[in-house]
Amino acid sequence: MTTSTRGARKTPAVLVLEDGRIFRGRAYGAVGETFGEAVFSTGMTGYQETLTDPSYHRQVVVMTAPHVGNTGVNDEDDESARIWVSGYVVRDPARVPSNWRSRRTLDDELVRQGVVGISGVDTRALTRHLRESGAMRVGIFSGEALAEDAALLARVKEAPEMVGADLSAEVATTESYVVPAIGEKKFTVAALDLGIKGMTPHRMAERGIEVHVLPATATLEDVYAVNPDGFFLSNGPGDPSTVDLTVVKGVLERKTPLFGICFGNQILGRALGFGTYKLKYGHRGINQPVQDRTTGKVEVTAHNHGFAVDAPLDKVSDTPYGRAEVSHVCLNDQVVEGLQLLDQPAFSVQYHPEAAAGPHDAAYLFDRFVSLMTAEGAQRA
C-alpha cells in the first residue's frame, strides 16, 4: 500500500529486517509500506536499468554507491515497461539531477510508479550486515504515524520468502512479440521470456537475428511454430526449482542451438540434471570478475542473481544430453558462472552479456551463439 506524496524527504521512514535489525531514515519516493527480500547492488552507475530489470521483482534493493539519482531519469534506458523492485534504499539522494538526457528526478519517478523507498540510511552498515547474515526479508515503512517496532517486525516475518517463489509468469510478457533484425536477417531465435531485459533481444537484433519473444508459459509447439534457428533462455526472478523444464528438455532433445543467461543458466543446469541452491547474499552489480575457462580470459561482468548451479568444477559430467562442463567461474567465490554441452550446441552464462548497464567484456557470447547457429545451419544444408 502506498500513497504517492511529493516532497516526502522529511517524512520519517524505517527499514526493518527479519532478524530484528532496524535502520531509520526518511521517505524516498512513495510514502507507504513495502516488503521483499533485502539485497545489495554494488554498481556505481546504471540505477535506472537496475530498477527496471524484471529480475529484481519482489526484492528491496540497497544501493552501495552513496549518491544515487545524480543523472535523473530519462526515456531511453529502461529495461522494461516499469520499475520492478519492491523497494529502494539509498544513502544520499541527489537534490538536483544533472544530465542532458534527464527528463525528471529519480524521486519523482519512484513516486509516479508507487515505489516505496528510504534515504538517509547507513547503506555501508546495512550491506555489511547482509553480507554477514545473508539476504533476508525486509519491510520499509514510512509516514508520520508508524506502528511500534515489534508490530512492524511481525509483519515482515509474515512476508513470503524467495526460496520456492515462482515469479517468472508475473514479469513475463503475456503476448508474443517480434524484435526485427537490424539490417539483413540471418537467423530466427525463439526467446523464452522469464523476465527478459529489453537490451537482450536488441543485442541479438544487432547481429541479424529476428527475435520472437514468447511468454514464460509457451509450449514446445509454440517455440517451433516460429521455425527457429536457435532458442534463448532469458534472465528472470525467483527460485529456479519452481520452473517446468518440459520446453527446455524438448529443445535439447532436438539439438537446437541454445543460449541461456542468468536465470536461463540455472534452468539449463537443472535440465541437465544439476541442482541449484540459494547463495548467502548473491551477486548483484556490474563489477564481478569471471573467468572464461575455455579461453582463460578474465572478464568484468554484470550480475543479478541469488541462486546458483551446483555443478562440479573439476570434471566433465555426463548428462542425458551428452557431456557437460563448467565453462565460466566467478573468481571471488568459485560460483559456477557458465555451462556448456560438449556434444551438442548449447551453452549458458550466469551473468548479463547484454551489459545494460555495465561492462561490455562479455558481448562476444552473442557472437558465439551466432557461430553455433551458423555451424548447425551448415550441417543441415
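The values are calculated or read from the model by the stated rules, or taken from the named source; none is laboratory data. No experiment lies behind these values; they were computed from the predicted model shown. Virtual Cβ from ideal backbone geometry, glycine too; neighbours counted across all protein chains shown. Note: areas computed on protein heavy atoms with side chains; ligands, DNA, RNA excluded. Shrake-Rupley method; radii C 1.70, N 1.55, O 1.52, S 1.80 Å.
Restricted to the stretch 57-83, and to residues there that are of a type in the set (Asp, Glu) and either within 16 Å of Ile286 (Cβ to Cβ) or free of Cβ contacts under 8 Å to residues at least 12 places away in the same chain (or both), the residue that is least open to solvent (accessible area, probe 1.4 Å) is Glu79. Only a single item in (1) under 19 Å from Gly139 (Cα atoms); (2) buried (at least 23 other Cβ atoms within 10 Å of the Cβ) is not met by Pro54, and it is number (1). Taking the conditions (1) of a type outside the set (A, V, I, L, M); (2) buried (at least 24 other Cβ atoms within 10 Å of the Cβ); (3) more than 19 Å from Tyr364 (Cα to Cα); (4) more than 22 Å from the chain's Cα centre (by Cα) in turn, Pro257 satisfies each one other than (3). Just one of the listed residues (Asn304, Asn332, Asn287) is under 24 Å from Gly46 (Cα atoms) and crowded, with 24+ Cβ neighbours inside 10 Å, namely Asn304. Being among the β-branched types (Val, Ile, Thr) and open to solvent by less than 50 Å² (accessible area, probe 1.4 Å) is the filter; apply it to the stretch 1-48 and report the residue that is modelled with the lowest pLDDT. Among those residues, the one meeting the criterion is Thr42.
Just one of (1) small (Gly, Ala, Ser); (2) more than 22 Å from Pro228 (Cβ to Cβ); (3) open to solvent by 50 Å² or more (accessible area, probe 1.4 Å) fails for Ala362. It is (3). The residue list Val211, Val189 contains one member that is within 25 Å of Arg380 (Cα to Cα), without any contact (Cβ under 8 Å) to a residue 40 or more places away in the chain, part of a strand (DSSP E or B) and open to solvent by less than 10 Å² (accessible area, probe 1.4 Å), which is Val211. Scanning the stretch 307-329 for residues being open to solvent by 50 Å² or more (accessible area, probe 1.4 Å) and either in contact (Cβ under 8 Å) with a residue 12 or more places away in the chain or closer than 19 Å to Phe263 by Cβ (or both) gives a total of 6.
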